[in-house]
Amino acid sequence: MKSYAIIMAGGVGARFWPLGSFKLPKQFLPIAGNDQTMLQQTVKRVRELIPYERIFVVTNVQYINEVKKQVPKIPSTNIIGEPVGRNTAPCIGLAATMIRQFDEDGSMFVLPADHLIEDTDKFIETIECGIDFVKTHDAIVTMGIVPTHPETGYGYIQFVEDAFFKSGKSSDIEIYKVKTFAEKPSHETAKIFLESGDFLWNSGMFIFRADVILEQINKLLPDLSNGLIKIEKALHSSKFGSVLKQVFAEIKSISIDYGVMEKAKNVYVIKANFRWSDLGSWDEVYRIKQKDINNNSLMGNTFVKDSSGNLVISNKGFVGLIGVDDLIVVNSKDGLLICKKERTQEVKEIVDYLKRKGMTDFI
């Protein structure tokens, strides 16, 4: 049994306007602050464990060429283009259908392309533990991150008290049966979760065998399963492209969490203890960036006076701040964003407005 990495890279990154856009979403940008894009960093991490020929990238069809350009060592046949985004359940089901062609019981590690993960060695150890587990158990494993603060931007996973499985290696990595999933909480509820000690952040990363996840999709999402069967039958024919397009036009958009994880009986969580962020908004970027003595994080041509706690990014023109605190300021060729740090989740409303007004040149 071989292991495969599935990198989900189809998001549009609406919360990262104006730097991220439909033309080039955040996974294709160096958001984390070095020369490598988020996708390139993700591929580099998984390459520690899985060779290029077993790394697959699922993206929107319009980004296929960008993926090829950024990670040219991944075979072109491993870049899967979705005709239209339908959330994570169809994405993962499509990838599992493809993997089953190579390896009937191959194990899959699924991760988004736009996460920041530090402690790579611990990350690899955690994946190895999960892969060892699913080889011998018909299980769906989600990766939960040990929380460091009462975060309201993440979902949570509650686990049972006693570990079900421990890594056979020297590390202390453990796997638990999932008790329940919780949506993004209020600040007070997040504090309760943190203090209880039996809640983890839901990272959106998964480990399972292709046959196991497809069986659960068949049981819990029969419409999606029927569509995947049609795609599988057309895989090696000239009709593959048209069948894929038709199926994705008809299936519902649904997350793997809501469609499968919250309903299946064989769901486990591996407790991951490495530094992680899903970089879902500009305030997350501020959190990870280096800061000056006034807690400002500055990129590009900027001037700041009597100001603190600001994130300022400019790749077009010059930005000056005087006497303001706790702002996100992003200046790019597509627009200028100014907002309070605690309201960065609302940036997508700007993108929605531009779409409604037909001002697509700015997104």
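The values are calculated or read from the model by the stated rules, or taken from the named source; none is laboratory data. Nothing here was measured: the structure is a model prediction, and the numbers come from that model. Cβ atoms come from the backbone with ideal geometry, glycine included; neighbour counts cover every protein chain shown.
Here are the numbers:
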| quantity | calculated |
| --- | --- |
| Qualifying helices (runs of 4 or more DSSP H) (wholly inside the range 198-262; at least 2 residues being within 30 Å of residue 272 (Cα to Cα), in the same structural domain as residue 85 (by TED's automatic domain parsing) and not basic (Lys, Arg)) | 210-220 |
| Residue 249 vs. criteria hydrophobic (A, V, I, L, M, F, W, C) and surrounded by fewer than 17 Cβ atoms within 10 Å (Cβ to Cβ) | yes |
| Cβ-Cβ under 9 Å pairs, at least 6 apart or on other chains, the range 335-351 side within 19 Å of residue 288 (Cα to Cα) and assigned to a helix (DSSP H, G or I), far side among the small types (Gly, Ala, Ser) and at pLDDT 95 or above | 341/309 |
| Positions within the range 315-330 being touching a residue at least 60 places away in the same chain (Cβ under 8 Å) and not in a loop (DSSP other than H, G, I, E, B), in sequence order | 330 |
| Selection status of residue 146, among the β-branched types (Val, Ile, Thr) and touching a Phe, Trp or Tyr at 6+ places or on another chain (Cβ under 6 Å) | no |
| Matching residues, the range 253-305, being among the hydrophobic types (A, V, I, L, M, F, W, C), free of Cβ contacts under 8 Å to residues at least 12 places away in the same chain and surrounded by 15 or more Cβ atoms within 10 Å (Cβ to Cβ) | none |
